[in-house]
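Notes for the one structure printed next.
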Amino acid sequence: MLGKVLKYDLKSMGKSLFPLYAGLIVLALVLKVISFITDSVSAFKFVYNIMFIFFIILVIGGLFYTFLVSIMRYYKNLYSDEGYLTHTLPVGTNSLLFSKVVSSLVYIVLSVIISFISIIIVLGYNDVVSVLKEGLEFFSLCFDMSVFSIAMWAIFFLLLSYICYVLMVYAGISLGNMHSKNKIVFSVIYTVVIYYITQMLGVLLIGIMFLVNPDIMSQLDQAIPDKEYFIWIMGCGMGLNLVLLFTCYFICYNRLKHLNLS
Amino acid sequence: MALVKCDGVCKSYGKNSILKNINLEIPKGKIIGLLGPNGSGKTTLIKIINGLLETNSGTVLVNGEKIGINSKKVISYLPERPYVNFNMSVKELINYFSDFYDNFDSDTAYKLLEKLNLNPNDKLNTMSKGMKEKVQLILVMSRKADLYILDEPIGGVDPATRDYILDTILTNFNDGASVIISTHLISDIEKILDEVIFIKEGSIYLTGDADELRTSKGMSIDEIFREEFKC
Amino acid sequence: MRWEFDNDRPIYIQLVEKLKLFIISGQYEPGSRMLSVRDLALEAKVNPNTMQKALGELENLGLIYTKRTSGKYVTEDKKLISKFKDEMALEKVHAYLNDMKSIGFSKKEAMDYLKMSKEE
C-alpha cells in the first residue's frame, strides 16, 4: 500500500511543482538568449539585470515553495475534509506518514536539481562547477576526506536538516489539530514552540561540549580547525537532528493513531 | 455475529458530552435508518465506526475486530460533506478508489456515470454541487462492501435528486450487505428501511423493526419520530 | 401510480395486498415469470428484504411458486386465483355496505344506489 499512497502524494505535489520547474527552465533559457543579445545591443543589459534578479528570487522562492507544498499536502490530505477519504482507506498509519516524508524529500531533491540546471544554463557550466568545487575542497581539507565523500556527507546533512524542518511543521500541525477551534493558529504556535525547543537543545549541546572540552571554542576561531573537533561538532549536530527527526515522526504517528477529525 | 457492535461507547469534547453509553448491534443484510434531529450525535457515531474519531470509552467491533485496516476494507462511507480532492477528474478518482479498495468495481462506476452523461475527464471543481454529490455517491456505491454508511445523503436536495439517490442506493448495494442511512428527513426514506435507530441527545432512544413499529404504534415512522422528539 | 404506500401501515402488508391485486386482476398472468426480488423492489422503490418477505407470504398463500433455478412464477391454478378474487370481491362489498350503513342506508337502498350508478 505504501507504493500506492506514494504514487498519489507524488502526483498531487507534482501538479503544484511542475509548473515551477517549467518556469525556472524557461526563464533560464530566456536569460541565456538575452545575454547573447546584450553582447551586441547594450540597451538589453538593463532588461537582463531585472530578469536576473527575478530569476534569483524564483530560485530561492522555489525552494521555499517546495517546502510549502509538502506542508500543504500533509495538512490537506490528512487533516482537512480530504482526510475523511484518506483515513477511511485501508492503509496503515505508517504508510500514510512515511509517504509524506519520502515525497517531501523527492521534491526537494528535484527542486534543487532543477535549480542547478537552470543556474548552469544562466551562468555556464564551468563557473558554477568551479565555485562548488572550491567549497567542497575547503571542507575536504577540514575533514581530511576525499571531495566525493565530503559531497555525500553534505548532501546527507542537508537532507537530514531539511526533513527535520518538514517534520517539525508536520508535528506542529498534528498537535494543532488536537484543538477543536483555531487549528491553524495552534499549529503555528506548536511549530514555533518545537523550533525553539530544538534551538535551546542546540545551545545546550554546545554548552555541554564546551564543559567537556574547553578547547573547542578556541578551535572554532581557527581558519581550519582540527579535523577531530570538526567531526565531533558535526556528529553532535547530526545526532541532535536524528533525535529531533524521530521525536517529530513519533508525534505525528501518535496523533494519527489517536485521530479526532472534525 | 453482528456486523457492527458498539459497547458502552462514550464520546465527549471537554465537558460537552456528545455520545452517552451507546450500545448497538448492526445486523447483516438490513437497511437501517439512523434517525435523530441535528446535533443528536448521528455523525459522531458514524465517524467513530469509520475510525475518524476516537472513543473516550467503550468498544466498537466490526466483524468482531477493532476499527482498523480490516474494517475500512469492508465499510463504504459517504460523509455528510464533500471529501474528495476536487482537483482530480472523475477518472482519476475512479482509479484512486480502485487502487485502494479491492472491492471497488470500476465498470459499475462508469455505467452509473454514463447515465448522468458525465465526461470522466471532467474535474470535480467544474461541476455543480449536486453533481459532485452524485459522483461521490457513485464512488461509494460502486464498492462491493459489507456495510454502506451514508451520512445525510438526501439532506438539502430536490425531489428528483432524492429519487436518484435512493434508486442508486437500492440498485447498487451489495447482496447481503447492510446499509446505514442517517437522516432527519424520515418520510422520504422510511419505506426502504428494515430497522430504525432513534438517537436523541447522544443516547439510543428507540430501536426496532420498521414494520413492527408501524403496527404497534399505528403510525408512520415519521409520525412516531415527530411524537417522540416533540419540542 | 402502480406502487404507492401509506407510511403508517406496515409496508410489507401493503406489498402483499398490491401483489395479490396484480395477480387476481390478471396484470400478472397465471404461469408467468415474476421479476427478481431485487428488480421488483426497485420498481416499487422498497427495500429488497421487505419485498422478499411479501413474496414469501404470497408463496405461503400459494399464489406464486419458486422453480429452483429459474425464479418465481405466478401460480397456474386458476381456481385458486378466482377463490382469492371472490374473497376480495366480498371484502369490497362488505366495506361498501358498511360505509353505506354508517351513512344510514339499508342494504336494499345500498343496492339500489349500485344499480343507479351502473346505468350512468
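Could we say that residue A:45 is open to solvent by 50 Å² or more (accessible area, probe 1.4 Å), more than 14 Å from chain B (Cβ to nearest Cβ), within 20 Å of residue A:120 (Cβ to Cβ) and basic (Lys, Arg) here?
The answer is no for residue A:45.
Conditions: (1) within 29 Å of residue A:175 (Cβ to Cβ); (2) open to solvent by 30 Å² or more (accessible area, probe 1.4 Å). Residue A:87 meets all but one. Number of the miss?
Going through the list (1) within 29 Å of residue A:175 (Cβ to Cβ); (2) open to solvent by 30 Å² or more (accessible area, probe 1.4 Å), residue A:87 breaks only (2).
Looking at region B:193-204, is at least one residue modelled with pLDDT under 90 and not in a loop (DSSP other than H, G, I, E, B)?
Checking region B:193-204: not a single residue is modelled with pLDDT under 90 and not in a loop (DSSP other than H, G, I, E, B).
Tally time: how many residues in region B:89-106 are of a type in the set (Asp, Glu) and in a loop (DSSP other than H, G, I, E, B)?
Of the residues in that region, 2 qualify.
Within region C:56-67, identify whether any single residue is outside any loop (DSSP other than H, G, I, E, B), within 30 Å of residue B:33 (Cβ to Cβ) and among the charged types (D, E, K, R), and answer yes or no.
yes
Where residues in region C:68-99 are among the hydroxyl-bearing types (Ser, Thr, Tyr) and either modelled with pLDDT of 90 or more or in a loop (DSSP other than H, G, I, E, B) (or both), which of them is surrounded by the fewest Cβ atoms within 10 Å (Cβ to Cβ)?
Within region C:68-99, the match that is surrounded by the fewest Cβ atoms within 10 Å (Cβ to Cβ) is C:69.
Inspect all residues belonging to region C:100-118 and state whether any of them is in the same structural domain as residue C:15 (by TED's automatic domain parsing), exposed (fewer than 12 other Cβ atoms within 10 Å of the Cβ), modelled with pLDDT of 90 or more and part of a helix (DSSP H, G or I).
The answer is no, given that none of the residues of region C:100-118 is in the same structural domain as residue C:15 (by TED's automatic domain parsing), exposed (fewer than 12 other Cβ atoms within 10 Å of the Cβ), modelled with pLDDT of 90 or more and part of a helix (DSSP H, G or I).
Any idea which residue in region B:49-72 is nearest to residue A:1 (Cα to Cα), counting only those that are surrounded by fewer than 19 Cβ atoms within 10 Å (Cβ to Cβ) and within 10 Å of chain A (Cβ to nearest Cβ)?
Applying the filter and picking the extreme gives B:69.
Filter region B:197-218 down to the residues that are surrounded by 17 or more Cβ atoms within 10 Å (Cβ to Cβ) and within 8 Å of chain C (Cβ to nearest Cβ), then identify the one that is nearest to residue C:53 (Cα to Cα).
Among those that are surrounded by 17 or more Cβ atoms within 10 Å (Cβ to Cβ) and within 8 Å of chain C (Cβ to nearest Cβ), it is B:211.
Residues are listed down the side, and each one gets a yes or a no for (1) free of Cβ contacts under 8 Å to residues at least 60 places away in the same chain; (2) more than 20 Å from the chain's Cα centre (by Cα):
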| residue | (1), (2) |
| --- | --- |
| B:16 | yes, yes |
| B:22 | no, no |
| B:41 | no, no |
| B:68 | yes, no |
| B:96 | yes, yes |
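I'd like the residue in region B:107-124 that is open to solvent by less than 80 Å² (accessible area, probe 1.4 Å) and not in a loop (DSSP other than H, G, I, E, B) and, out of all such residues, is nearest to residue B:83 (Cα to Cα).
In this case the residue turns out to be B:124.
Kindly indicate whether any position in region A:104-114 is open to solvent by less than 30 Å² (accessible area, probe 1.4 Å), in a helix (DSSP H, G or I) and within 14 Å of another protein chain (Cβ to nearest Cβ).
No, region A:104-114 has no match at all.
Quick check: is even one residue across region B:152-166 in a helix (DSSP H, G or I), open to solvent by less than 10 Å² (accessible area, probe 1.4 Å), at pLDDT below 90 and within 14 Å of chain C (Cβ to nearest Cβ)?
No, the conditions are met nowhere in region B:152-166.
May I ask you to list the residues in region B:125-148 that are part of a helix (DSSP H, G or I) and crowded, with 19+ Cβ neighbours inside 10 Å?
B:133, B:134, B:135, B:136, B:137, B:138, B:139, B:140, B:141
For (1) at pLDDT below 85; (2) open to solvent by 90 Å² or more (accessible area, probe 1.4 Å); (3) not in a helix (DSSP H, G or I), each residue gets a yes or a no:
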residue: A:126; (1), (2), (3): no, yes, no
residue: A:165; (1), (2), (3): no, yes, no
residue: A:170; (1), (2), (3): no, no, no
residue: A:181; (1), (2), (3): no, yes, yes
residue: A:198; (1), (2), (3): no, no, no
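Pairs only if they're at least six apart or on different chains, beta carbon under 8 angstrom, first in region C:77-90 and acidic (Asp, Glu), second outside any helix (DSSP H, G or I); list them, first residue then second.
Final answer for the pair search is C:77/C:30; C:77/C:62.
Quick check on this structure: which one of B:229, B:173, B:225 is of a type in the set (Phe, Trp, Tyr) and either under 16 Å from residue B:151 (Cα atoms) or without any contact (Cβ under 8 Å) to a residue 12 or more places away in the chain (or both)?
One residue alone meets the criteria, B:173.
Specify which of the listed residues (B:124, B:116) is away from chain A (no Cβ under 14 Å) and either among the acidic types (Asp, Glu) or touching a residue at least 12 places away in the same chain (Cβ under 8 Å) (or both).
The match here is B:116.
In region A:102-140, which residues are in contact (Cβ under 8 Å) with a residue 60 or more places away in the chain and touching a Ser or Thr at 6+ places or on another chain (Cβ under 9 Å)?
A:103, A:104, A:107, A:110, A:111, A:122
The values are calculated or read from the model by the stated rules, or taken from the named source; none is laboratory data. Computed from a prediction, not measured in an experiment: that's the story for all the values here. As a convention, Cβ positions derive from the backbone with ideal geometry for all residues, glycine included, and neighbour counts pool all protein chains shown. What goes into the accessible areas is simple: the full protein's heavy atoms, side chains included, and nothing from ligands, DNA or RNA. Shrake-Rupley method; radii C 1.70, N 1.55, O 1.52, S 1.80 Å.
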